[in-house]
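The values are calculated or read from the model by the stated rules, or taken from the named source; none is laboratory data. It should be emphasised that the depicted structure is a prediction, and the values quoted were computed from it without experimental measurement. FYI the Cβ positions are ideal-geometry reconstructions off the backbone, even for glycines, and counts take in every protein chain you see.
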Amino acid sequence: MAQSLVKEFTKGLWAEIPPFRLVLGLCPTLAVSKTVENGIGMGVATTFVLVFSNILISMLRNVIPSKVRIACYIVIVATFVTIVELMMQAYTYELFLKLGIFIPLIVVNCIVLGRAEAFANKNSMLPSAADGLGMGIGFTMSLAALGAVRELIGAGTLTVWGGSPIFTIGHGYIPFKFMLEAPGAFIGLGLMLCLMNLIGQK
Amino acid sequence: MREMLSMIVVLTVLTVVSGGLLAAVEQTTKPQIEEQVLKFQKAPAIKEIFTNITNDPIRERFDVTADETTLQVFPGVLGNGQKAVAFEAKGTGFGGPVGLMVGINLDTDEIIAVRVTTHSETPGIGSRAKEDLSFVSQFTSKSMSTNFGLKKGGGDIDAMSGATVTSAAVSQAAIAAQELYKKLKPEIVKHIAN
């Protein structure tokens, strides 16, 4: 039992890491991975929603009629997203301003709905929680990594928390602003996926 | 029939529980959110509107009530001794309410400046109303009796191209501010005089 829980958890960290392996949830990935800080903020918010929606959906999986299951999932996911949104407004308003419209858009994030439909729907509560947590942490790591690459190349800085950079490339560096735009995110994502496949081949 | 019933019951129960939970969370976070909005949205907007004042409008803020309308008002004392107020009015945009902080000179009834505060407009399109000051600067020095409607509807305000809905929301907020001002000015003046 414990072993399978660990397996459900760790598969989200490498073997099925979103968005690289699942290639789901690209909209927030492209939009908010401009800096490490935004990536982590978005990742943590998504993790919270993933874990709790997975738990609740797996608990209710025998009660929810299959014909209206998607509607039920949306209600559950939207409830948790609204809670996250209110909490962020109350306690981390600056981050809320940066992530803006992409927080409510977690409702339609394919990773959240995808895990509900593909996993929580068929498994009991504990594996579903482990799955949600693993996927969420994997998503957070991916966004942070992509954010680090984009911020480093696009702005020449690294910002982890609180708005002031912890690392700055020297004054002589001319930022490659393209990486901060959405197409830059596509290219960054593609190159990282390529790198991951290269490592996986051996 | 049984299946139909279970679908109705499950969905109803789920949405009712969700609604109740969200109302509770909303109630508990409300004071905290208002504080954050004051600090990160209203205070910076007021600072940009009142560039030349001798008091602290945030600390001296007060509520006025007339005809069952309550309004939070930020008083300002201008460098030349004239009195001014700033308050927020709302319009409805593309993604929900758009807040507009309006600063008015109480002695001349002229707008000092306006700034967009809270909004959920599309980034890069409607959000230009807040970021690009060329739109809101149209309001600067206009009299409070100006028609704040968009030019298309016979008013005096140029819409932002590509963001008509947001422009209309700002115009709507300005018109709401006009009405609030007309209704509440006597109360505001009375309060400041005390």
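Residues that are away from every other protein chain (no Cβ under 14 Å): find the helices (runs of 4 or more DSSP H) completely inside region B:77-194 holding 3 or more of those.
Of the helices (runs of 4 or more DSSP H) lying wholly inside region B:77-194, those with at least 3 residues that are away from every other protein chain (no Cβ under 14 Å) span B:133-136, B:164-193.
Among the residues of region B:1-37, which ones are more than 8 Å from chain A (Cβ to nearest Cβ), surrounded by 11 or more Cβ atoms within 10 Å (Cβ to Cβ) and within 20 Å of A:I57 (Cβ to Cβ)?
Selection gives B:I8, B:V9, B:V13, B:V17, B:G19.
Tell me which residues, restricted to region B:1-33, are under 17 Å from A:T82 (Cα atoms) and of a type in the set (D, E).
B:E26
Return the pairs, sorted by first residue and then second, in which the second residue is outside any loop (DSSP other than H, G, I, E, B) and not hydrophobic (A, V, I, L, M, F, W, C), the first residue lies in region B:147-165 and is over 16 Å from B:K130 (Cβ atoms) and modelled with pLDDT under 90, the beta carbons are less than 7 Å apart, and the residues are 6+ apart or on different chains.
Close Cβ pairs (under 7 Å, with a partner that is outside any loop (DSSP other than H, G, I, E, B) and not hydrophobic (A, V, I, L, M, F, W, C)) amount to B:G155/B:S171.
Of all residues in region B:118-139, count the ones that are of a type outside the set (S, T, N, Q) and under 15 Å from the mean Cα position of the chain (by Cα).
6
Please indicate, with yes or no, whether at least one residue in region A:123-136 is more than 14 Å from every other protein chain (Cβ to nearest Cβ), surrounded by fewer than 20 Cβ atoms within 10 Å (Cβ to Cβ) and hydroxyl-bearing (S, T, Y).
The answer is yes, given that some residue of region A:123-136 is more than 14 Å from every other protein chain (Cβ to nearest Cβ), surrounded by fewer than 20 Cβ atoms within 10 Å (Cβ to Cβ) and hydroxyl-bearing (S, T, Y).
Mind listing just one residue for me: the one in region A:70-97 that is facing chain B (nearest Cβ under 7 Å) and polar (S, T, N, Q) and, of those, farthest from B:G19 (Cα to Cα)?
My answer is A:Q89.
Residues in region B:38-50: is at least one crowded, with 20+ Cβ neighbours inside 10 Å, more than 10 Å from chain A (Cβ to nearest Cβ), at pLDDT below 95 and in a loop (DSSP other than H, G, I, E, B)?
Within region B:38-50, one or more residues are crowded, with 20+ Cβ neighbours inside 10 Å, more than 10 Å from chain A (Cβ to nearest Cβ), at pLDDT below 95 and in a loop (DSSP other than H, G, I, E, B).
Taking the conditions exactly as written (more than 12 Å from every other protein chain (Cβ to nearest Cβ) and either buried (at least 22 other Cβ atoms within 10 Å of the Cβ) or not basic (K, R) (or both)), does A:G100 satisfy them or not?
For A:G100, the condition - more than 12 Å from every other protein chain (Cβ to nearest Cβ) and either buried (at least 22 other Cβ atoms within 10 Å of the Cβ) or not basic (K, R) (or both) - is not met.
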